[in-house]
Structure formats: C-alpha cells, structure tokens
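The values are calculated or read from the model by the stated rules, or taken from the named source; none is laboratory data. Bear in mind the structure is a predicted one, so any value in this text is a computation, not a measurement. Virtual Cβ from ideal backbone geometry, glycine too; neighbours counted across all protein chains shown.
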Amino acid sequence: MARKPALTTDKLKDLGAEKLAQLVLDEAERNAGFRRQVKAALAGKSGPEAIAKLVDRRLSGLARARSFIEWDKARAFADDLRSLTDTLVIRRRATGWT
C-alpha cells in the first residue's frame, strides 16, 4: 500500500491561499464544529470584542435551549462545548485577556 503524504505547513502553503480557502469552505459546510472554529478565527482578526460577541451569542443560544440531548447527539454536543472552551482559552492566550 502506498504511503500517505505527510501534511506539513510548507506543503499546505504550496497549495496557495485560494485552494486552501476552498478546502476550508468545503469542510465548514460539512462540519459544524469546524465552521465555528473558522468563524472564531475570523472574528479574532477583528479583535477580542468580536470574539466576545461570538461567544456571548453561542452561550445565549445554549442558555435558551430547552431540549433534551439524545444519547446519539451527546458526543457532538460535548465536542461543541469543547470547541467553545478551546476558543476561549486559545484566544485568551493569543490576546492576553485577563
């Protein structure tokens, strides 16, 4: 069996920005968690206020939710919460929030 080529930053840079952007968009359409990560990264370019607004909107949505989480959706929900906390931690470190 042929070996899979290793992904490296240099190899990805060789693809070019347009091709990478299209790959990101394609994956964001299929994967809601990834889409939220991309939105957080884009908000990060606008500053901490934009990230705070994004997180506040997500937390408000969770607070309003009244449905029960079915067992087959529990992993996706946990991944969603993990992604939200990762966004907070990573952005806090990157921006020096206190």
Across segment 1-32, the tally of residues that are over 29 Å from R75 (Cα atoms) and part of a helix (DSSP H, G or I) stands at 10
- Would a scan of segment 62-71 turn up a residue that is surrounded by 11 or more Cβ atoms within 10 Å (Cβ to Cβ) and either over 16 Å from T85 (Cβ atoms) or of a type in the set (G, A, S) (or both)? yes
### Message
Within segment 59-81, does at least one residue satisfy the condition of being acidic (D, E) and either closer than 24 Å to L20 by Cα or within 11 Å of the chain's Cα centre (by Cα) (or both)?
### Response
yes
Taking segment 56-84 and keeping only residues that are modelled with pLDDT of 85 or more, part of a helix (DSSP H, G or I) and either among the polar types (S, T, N, Q) or closer than 10 Å to A40 by Cα (or both), one is left with S60
